[in-house]
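Trainee: Provided herewith is a single structure, encoded as structure tokens, for subsequent inquiry.
No value in this document is a laboratory result; all are computed from the given coordinates. Here the structure is a predicted model, which means the values were calculated and not measured.
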Amino acid sequence: MADKLALVLPHLDERQRRVLLGAEARAMGRGGISAVARAAGVSEPTVSKAARELEQPGQAPPAGRVRRPGGGRKRLSETDPGLVEALEALVDPATRGDPESPLRWTSKSTRELADALGAQGRRVSHVSVGRLLRARGYSLQALAKTREGKQHPDRDAQFRYLTGQVNDYLAAGDPVISVDTKKKLRHEVACCE
């Protein structure tokens, strides 16, 4: 049986695997659940649940679904309700641009933020931090330069102007492209003969 299951299981989705394991356990009768669990390398509760699903069709997920509604891993915002607020508190001092605008980014990396959240006792990966930031309208872009130049005294006014322009174009249904350019310095050498 272990050879048969090893051959077939990789070709099935999660629900199909459960159905097969439950059917095999029922066909074996007494002791079938533990025998199938050992042969398939899964837990006995998984096989037991699969066998119950076959006995009670109302317990199985609706056709076309792998799991019943509500099944699967819960969202981070459900398992840790304060996570989003803690992330916002970390990001807020490093947020660039107008927080109410579509032009919004942070100078902290997702790994730095995940580490800081971890220091607070929150278990979250840098990938999840990136997903949470994107959901809140942040742009995730690596810094290209290593040295900061002088900041223009009217930098916030420039961003407010740009944000106004972006909002006007978006409201009109026009596309918006943001391009950040830098002034290049030319060094000329004068030579005399």
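Trainee: If each residue of separation counts as 0.36 nm, what is the full-extension length gain between Asp80 and Ala119 once their alpha-carbon separation is subtracted?
Mentor: Working: separation 39, 0.36 × 39 = 14.04 nm, distance 1.48 nm.
Value of the extension gain: 12.6 nm.
Trainee: Once a ≥ b ≥ c are taken as the square roots of the eigenvalues of the Cα gyration tensor of segment 2-59, is the result rounded (a/c under 1.5), prolate (a/b larger than b/c) or oblate (a/b not larger than b/c)?
Mentor: On the way: a/c = 1.84, a/b = 1.18, b/c = 1.56.
Oblate is the answer for segment 2-59, as a/c is 1.5 or above yet b/c matches or exceeds a/b.
Trainee: Would you mind calculating the gained length between Arg38 and Val179 on full extension (0.36 nm times residue separation, minus the Cα-Cα distance), in nm to one decimal? Write down the numbers at each step before the final one.
Mentor: Working: separation 141, 0.36 × 141 = 50.76 nm, distance 5.87 nm.
Residue separation times 0.36 nm, minus the Cα-Cα distance, leaves 44.9 nm.
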